[in-house]
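J.: Below: one structure in structure tokens.
The values are calculated or read from the model by the stated rules, or taken from the named source; none is laboratory data. Being a predicted model, the structure only gives us computed values, none of them experimental. Cβ atoms come from the backbone with ideal geometry, glycine included; neighbour counts cover every protein chain shown. With ligands, DNA and RNA removed, areas are computed over all heavy atoms of the protein, side chains included. Shrake-Rupley method; radii C 1.70, N 1.55, O 1.52, S 1.80 Å.
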Amino acid sequence: SEGSLDSIESWWKQWKTFMFHQCVRTSCGDRSAAPQPVCKLISPLLRSKYPAVTVEEQAMSVSLQILCLGLLDAILVHILNAVAPLTWEGLRRELCA
């Protein structure tokens, strides 16, 4: 989304739309998958790979990963708005163009 991220409120609305409603298509080599919401791209932490993970932790691992991503993004947006409120968005738009 090209909307302004000049406040946490503005960012939060855009982040939820991106994470839960924006569909993206992934590809690997010549193969391309059907478009799916970004949140569906996050894999659970499997007990088969991480034996120390409990059944309950595996069940909530995707939700917790999404929560952590949101918290990290919110912190970064807050810091950038605090230290460079007039310049960082222009740089972001330039880099994402």
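J.: Karplus couplings for the range 24-32 from phi (6.51 cos²θ - 1.76 cosθ + 1.60, θ = phi - 60°), rounded to Hz, Gly and Pro as x?
T.: Couplings: 10, 10, 9, 9, 9, x, 8, 8, 10 Hz.
J.: For the range 11-97, what does the relative contact order come out to in percent, with C-alpha contacts under 8 Å and a separation of six or more? Spell out each step's value before the answer.
T.: Working: 54 pairs, mean separation 16.9, N = 87.
Taking the mean separation of contacting Cα pairs over the length of the range 11-97, I get 19 percent.
J.: Shifting gears a bit: What residue among Leu80, Pro37, Thr26 has its Cα farthest toward the positive end of the dipole of the range 26-84, where the charges are +1 on Lys, Arg and -1 on Asp, Glu, each on the Cβ?
T.: Projecting each Cα onto the dipole axis, the largest value belongs to Thr26.
J.: Rounded to the nearest 10 degrees, what's the angle between the helix 8-20 long axis and the longest principal axis of the chain, both from Cα atoms, 0 to 90?
T.: 40
J.: Within the accessible area of the range 1-96, what % is carbon and sulfur when the probe is 1.4 Å and the other protein chains stay in place?
T.: Numbers: 4580 of 7180 Å².
Carbon and sulfur: 64 percent of the exposed surface of the range 1-96.
J.: Under the 0.36 nm per residue contour assumption, what length would be gained going from the current alpha-carbon distance of Arg31 and Ser48 to full extension? Please report the intermediate quantities before stating the final value.
T.: Working: separation 17, 0.36 × 17 = 6.12 nm, distance 2.69 nm.
Result: 3.4 nm gained on full extension.
J.: Still on this structure: Just order 86-92, 15-21 by mean Cβ neighbour count inside 10 Å, highest at the front, would you? Please report the intermediate quantities before stating the final value.
T.: Numbers: 86-92: 12.0, 15-21: 14.0.
Ranking the peptides 86-92, 15-21 by packing returns 15-21, 86-92.
J.: How large is ³J(HN,Hα) for each residue in the range 69-77, as worked out from phi by the Karplus curve 6.51 cos²θ - 1.76 cosθ + 1.60 (θ = phi - 60°), to whole Hz, x for Gly and Pro?
T.: 4, x, 4, 4, 4, 4, 4, 4, 5
J.: Looking at the square roots a ≥ b ≥ c of the eigenvalues of the Cα gyration tensor of the chain, which shape do they give, rounded for a/c under 1.5, prolate if a/b is larger than b/c, or oblate? All intermediate terms of the calculation are to be shown ahead of the outcome.
T.: Working: a/c = 2.55, a/b = 1.52, b/c = 1.68.
Oblate, since a/c reaches 1.5 and b/c is not below a/b.
J.: Applying the Karplus parametrisation 6.51 cos²θ - 1.76 cosθ + 1.60 with θ = phi - 60° to the phi angles of the range 42-52, what ³J(HN,Hα) value in whole Hz is obtained for each residue in order, glycine and proline being reported as x?
T.: Whole-Hz 3J(HN,Hα) from phi for the range 42-52: 8, 8, x, 7, 8, 4, 5, 8, 10, x, 6.
J.: Let me ask another. Where only protein heavy atoms count, and the probe is 1.4 Å, what is the accessible area per residue for the chain in Å²? Walk me through the numbers on the way to the answer.
T.: Working: 7300 Å² over 97 residues.
That works out to 75 Å² for each residue.
J.: Further question on the same structure: Sort the range 2-52 into rounded, prolate or oblate with this rule: let a ≥ b ≥ c be the square roots of the eigenvalues of the Cα gyration tensor; rounded if a/c is under 1.5, and if a/c is not under 1.5, prolate when a/b is larger than b/c, oblate otherwise.
T.: Values: a/c = 3.40, a/b = 1.45, b/c = 2.35.
Note, shape of the range 2-52 comes out oblate.
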